[in-house]
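**Q** Pasting a structure here, questions to come.
The values are calculated or read from the model by the stated rules, or taken from the named source; none is laboratory data. None of the values given here were measured: they were computed from a predicted structure. Don't worry about glycine lacking a Cβ; one is built from the backbone with ideal geometry, like all the others, and counts go over all protein chains shown.
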Amino acid sequence: DQQVKQNSPSLSVQEGRISILNCDYTNSMFDYFLWYKKYPAEGPTFLISISSIKDKNEDGRFTVFLNKSAKHLSLHIVPSQPGDSAVYFCAASYGAGNNRLAFGKGNQVVVIP
Amino acid sequence: NAGVTQTPKFQVLKTGQSMTLQCAQDMNHEYMSWYRQDPGMGLRLIHYSVGAGITDQGEVPNGYNVSRSTTEDFPLRLLSAAPSQTSVYFCASSRDGLLNTGELFFGEGSRLTVL
C-alpha cells in the first residue's frame with residue numbers, strides 16, 4: 001500500500017511561470033518530507049526538505065508547503081526554468097531513527113522555453 | 001569528487017544466476033542503502049545500513065542479501081536472480097548514522113535485466 005502518493009504524473013509549464021507539484025501521504029508518523037529531482041540516466045538528487053513541525057520551507061526558487069491536517073505537501077518552483085525539466089519525487093522518512101524513506105511514483109515536469 | 005559509485009552500470013543475467021552489485025562511497029558516510037526503481041513506481045527500499053557491521057531490511061528485501069564490512073562499501077547480492085528482479089538499482093548514502101533529514105546522495109544506478 002503506497003504511503004506517499006503523487007497524482008498527475010506529468011506537468012508542462014512555460015518558462016518563467018510557476019510549477020506546482022502535489023503530494024499526499026497516509027502515515028501521520030512521517031517525520032521529514034523531501035523532494036528529489038531526477039534527470040534521465042542519473043540518480044536522484046536532493047532538492048529541499050521540511051520537518052513535520054513546520055509548514056513552509058524556502059530555498060531560492062523552491063518552496064515546500066506542508067499541511068499536516070490534510071496530509072498534503074506541495075512544491076512550488078518559481079520561476080520555472082528549462083533546466084527544471086525532470087522527474088520530481090516526493091519522499092517521507094519514517095521508522096526507528098527515520099532510517100527509511102518512502103517515495104511517491106514521481107511527477108514528470110517539462111518546462112517549455 | 002567521486003561521491004557514490006555503482007558498478008556495473010548494466011548487467012544481463014539468466015534466471016537462477018547470482019551476482020553482486022557494488023556500491024562504494026568516499027564521503028565517510030555512516031548510512032548507506034539500496035533502492036530499486038520499477039516503471040511507474042517510486043523508489044523502494046531494499047536494505048540499509050547505519051554503520052559498519054549493521055544492516056536492516058527495508059520494504060522489499062526478499063531475494064537480496066547485504067553486508068557492511070567497511071564504512072565505504074555496501075554490496076547488494078542477488079542469490080538466485082528472477083525476472084521480477086529486473087529493475088534499476090540505486091545505492092545511496094547519508095552523512096548521519098541515523099538518518100535525520102532524509103537527504104541522500106545517490107549513485108547513477110545499475111540497470112539489471114533478468115531473462
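**Q** Take the residues of region A:83-104 that are touching a strand residue (DSSP E or B) at 6+ places or on another chain (Cβ under 8 Å) and in a loop (DSSP other than H, G, I, E, B): which is surrounded by the most Cβ atoms within 10 Å (Cβ to Cβ)?
**A** A:104
**Q** Looking at region B:51-65, which of its residues are within 14 Å of chain A (Cβ to nearest Cβ) and part of a strand (DSSP E or B)?
**A** Result: B:51, B:54, B:55, B:56, B:57.
**Q** Cβ-Cβ distance below 6 Å, separation of 6 or more or different chains: which pairs start in region B:1-14 with a residue that is more than 11 Å from every other protein chain (Cβ to nearest Cβ) and end on one that is assigned to a strand (DSSP E or B) and of a type in the set (Ser, Thr, Tyr)?
**A** Short answer, once both residue conditions are applied: B:12/B:113.
**Q** Before we move on, is residue B:56 surrounded by fewer than 18 Cβ atoms within 10 Å (Cβ to Cβ) and out of contact with any His (no Cβ under 8 Å at 6 or more places or on another chain)?
**A** Details: surrounded by fewer than 18 Cβ atoms within 10 Å (Cβ to Cβ): yes; out of contact with any His (no Cβ under 8 Å at 6 or more places or on another chain): no.
In short, no.
**Q** What are the residues in region A:77-104 that are out of contact with any Pro (no Cβ under 7 Å at 6 or more places or on another chain), within 16 Å of residue A:9 (Cα to Cα) and not small (Gly, Ala, Ser), if any?
**A** Of everything in region A:77-104, those that are out of contact with any Pro (no Cβ under 7 Å at 6 or more places or on another chain), within 16 Å of residue A:9 (Cα to Cα) and not small (Gly, Ala, Ser) turn out to be A:84, A:87, A:88, A:90, A:103.
**Q** Quick check on my filter: what residues within region B:1-24 are over 15 Å from residue B:89 (Cβ atoms) and surrounded by 15 or more Cβ atoms within 10 Å (Cβ to Cβ)?
**A** Passing the criteria: only B:3.
**Q** Which pairs have Cβ atoms under 6 Å, sit 6 or more apart or on different chains, and link a residue in region A:33-52 that is more than 7 Å from every other protein chain (Cβ to nearest Cβ) to one that is not in a strand (DSSP E or B)?
**A** A:36/A:44; A:38/A:44; A:52/A:31
**Q** I would also like to ask the following. Checking residue A:19 against (1) surrounded by 18 or more Cβ atoms within 10 Å (Cβ to Cβ); (2) within 14 Å of another protein chain (Cβ to nearest Cβ): exactly one of these is not met. Which one?
**A** (2)
**Q** Return yes when residue A:7 is within 13 Å of residue A:107 (Cα to Cα) and free of Cβ contacts under 8 Å to residues at least 24 places away in the same chain and no when it is not. Break it down into steps so the answer makes sense when it comes.
**A** Numbers: within 13 Å of residue A:107 (Cα to Cα): yes; free of Cβ contacts under 8 Å to residues at least 24 places away in the same chain: yes.
The answer is yes for residue A:7.
**Q** Can you name the residue in region A:40-66 that is outside any strand (DSSP E or B) and among the hydrophobic types (A, V, I, L, M, F, W, C) and is also modelled with the lowest pLDDT among such residues?
**A** So the residue we want is A:41.
**Q** Next question, about the same structure. Taking the criterion of being more than 14 Å from chain B (Cβ to nearest Cβ) and in contact with a Phe, Trp or Tyr (Cβ under 9 Å, 6 or more places away or on another chain), would at least one residue in region A:83-92 satisfy it?
**A** To start, the set of residues in region A:83-92 that are more than 14 Å from chain B (Cβ to nearest Cβ) comprises A:83-85.
After this cut, where a residue has to be in contact with a Phe, Trp or Tyr (Cβ under 9 Å, 6 or more places away or on another chain) as well, the list is A:85.
The answer is yes, given that some residue of region A:83-92 is more than 14 Å from chain B (Cβ to nearest Cβ) and in contact with a Phe, Trp or Tyr (Cβ under 9 Å, 6 or more places away or on another chain).
**Q** Quickly run through region A:72-82 and pick out the residues that are crowded, with 17+ Cβ neighbours inside 10 Å and more than 14 Å from chain B (Cβ to nearest Cβ).
**A** Correct list: A:75, A:77, A:80.
**Q** Filtering region A:54-71 down to residues that are of a type outside the set (A, V, I, L, M) and under 22 Å from residue A:111 (Cα atoms), which residue is surrounded by the fewest Cβ atoms within 10 Å (Cβ to Cβ)?
**A** My answer is A:60.
**Q** How about region B:73-101: which of its residues are in contact with a Lys or Arg (Cβ under 9 Å, 6 or more places away or on another chain), assigned to a loop (DSSP other than H, G, I, E, B) and at the interface with chain A (Cβ under 10 Å from one of its Cβ atoms)?
**A** B:99
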